Amino acid sequence: MSELVKQHCEACRVGAPQVTAQARIEMLEQLPGWLVEIREGIPQLEKTYSFKDYQQSMEFTNRVAELAESEDHHPALLTEWGKVRVTWWTHAIGGLHRNDFICAAKTDLLG
């Protein structure tokens, strides 16, 4: 199990530092299947989960929503029949913060 799942998100304000390239590599190694996607110049941490049907996709989406509320950090969620794409990034800093990797690790526990 990733050390990241034992951690909790910290309050992140505008101007907080994004993770370094080295930290990004080290944390991604703990997160199988997660990729960094760049959208409109903003790095985002993303993974797509597959499910048997729409009901299972919705149940997973709701578990991720509960996680997001408990950590006070909220992802973009795209729920479709048989799959859910989860995208974490920190809006306040326009990029990736340690919080995103913590939440990604915790998301994996739900899937």
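For this structure, a couple of remarks:
- The one condition in (1) at pLDDT below 95; (2) on the phi < 0 side of the Ramachandran plot that Leu77 fails to fulfil: (1)
- A single member of Lys52, Lys106 is modelled with pLDDT of 95 or more and part of a loop (DSSP other than H, G, I, E, B), and it is Lys52.
- Qualifying residues in the stretch 12-31 (those that are free of Cβ contacts under 8 Å to residues at least 24 places away in the same chain and in a loop (DSSP other than H, G, I, E, B)) - the one most open to solvent (accessible area, probe 1.4 Å): Glu29
- Some residue of the stretch 65-79 being charged (D, E, K, R) and open to solvent by less than 70 Å² (accessible area, probe 1.4 Å): yes
- Taking (1) assigned to a loop (DSSP other than H, G, I, E, B); (2) open to solvent by 50 Å² or more (accessible area, probe 1.4 Å); (3) not small (Gly, Ala, Ser) in turn, Cys9 satisfies each apart from (2).
- Residue in the stretch 40-60 that is under 23 Å from Gln22 (Cβ atoms), open to solvent by 40 Å² or more (accessible area, probe 1.4 Å) and hydrophobic (A, V, I, L, M, F, W, C) present: yes
The values are calculated or read from the model by the stated rules, or taken from the named source; none is laboratory data. Just so it is clear, the structure is predicted and the values come from calculations on it, not from any experiment. Every residue, glycine as well, gets a Cβ built from its backbone with ideal geometry; the counts of neighbours run over all protein chains shown. Just so you know, the surface numbers come from the protein's heavy atoms only, side chains and all, with ligands and any DNA or RNA stripped out. Shrake-Rupley method; radii C 1.70, N 1.55, O 1.52, S 1.80 Å.
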